[in-house]
1. For region 56-134, divide the Cα radius of gyration by the Kirkwood radius and give the resulting Rg/Rh value with two decimals.
2. Test of understanding: ordering Glu102, Glu46 by Cβ neighbours within 10 Å, fewest first, what list do you get?
3. Using a simple charge model, +1 on the beta-carbon of Lys and Arg, -1 on the beta-carbon of Asp and Glu, nothing else, what dipole does region 56-134 show about its Cα centre, in debye to the nearest 20?
4. Excluding same-chain residues fewer than 8 positions from Lys47, which lysines have a Cα within less than 25 Å of its Cα?
5. Quick check on packing: order 20-30, 77-87 by the mean number of other C-beta atoms within 10 Å, highest mean leading.
6. Contour minus end-to-end for Ser134 and Arg117, with contour as 0.36 nm per residue of separation and end-to-end as the Cα-Cα distance?
7. Find out how many positive minus negative residues lie around Thr85, taking Lys and Arg as positive, Asp and Glu as negative, among other residues whose Cβ is under 13 Å from that of Thr85.
8. As an exercise, find the ratio Rg/Rh for region 17-101 from alpha-carbon atoms, using the Kirkwood inverse-distance average for Rh.
Amino acid sequence: MSIARFWRETPRRYNLGGSKCTSCGTVYFPPRAVCPVCTHHRQSIEKMVPFQLSGEGTVLSFTVVHDAAEGFEMQTPYVLALVKTPEGPVLTGQVVDVRPEEVAIGFKVRATFRKLREEGRAGVIHYGYKFAPSEDSTAAPPLGPAAAGRPAEAVARDRATS
């Protein structure tokens, strides 16, 4: 990503700034100029307003990355998750400040401002959001041998019933 593009996107990266359709109430992140949910898209023109996401969320799904992309090798293993916000949008982000085995579907998180990457050895440092455990989250018990190879949804269902 070019430096110019990164700086243009700074407000939404740093503040989780999205948009809301005043016709139907749907919230978007990143922001949109037109609402695709409204029956006639034209009715949302000039009706999209800036909207600030709370930064709170719940893990919908996640994966543990062991073979990282270039520049992220020192962070492995790390958790990459889909986080459902109370406002509606689903965000993708890294879950930090917790061991990978403690993350589970339904885990409560909050957005936090962190370093994302650095361009080159003496390059520009890029910051943005990641997710950390929220105050009311509880870590999941470590996965045992019975969970190995099973879908995450099945493991989460078993945890909820035990």
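Laboratory data are not the source of any read-out in this text; all were calculated from the coordinates shown. All values reported here derive from a predicted model rather than from experimental measurement. A quick note on method: Cβ atoms are made from the backbone with ideal geometry, for glycine too, and the neighbour counts reach across all protein chains shown.
1. Looking at region 56-134, the ratio lands at 0.99.
2. Glu46, Glu102
3. Around 220 debye, computed over region 56-134.
4. Output for Lys47: Lys20, Lys84.
5. 77-87, 20-30
6. Roughly 3.8 nm would be gained on extension.
7. Summing Lys/Arg as +1 and Asp/Glu as -1 gives +2.
8. 1.13
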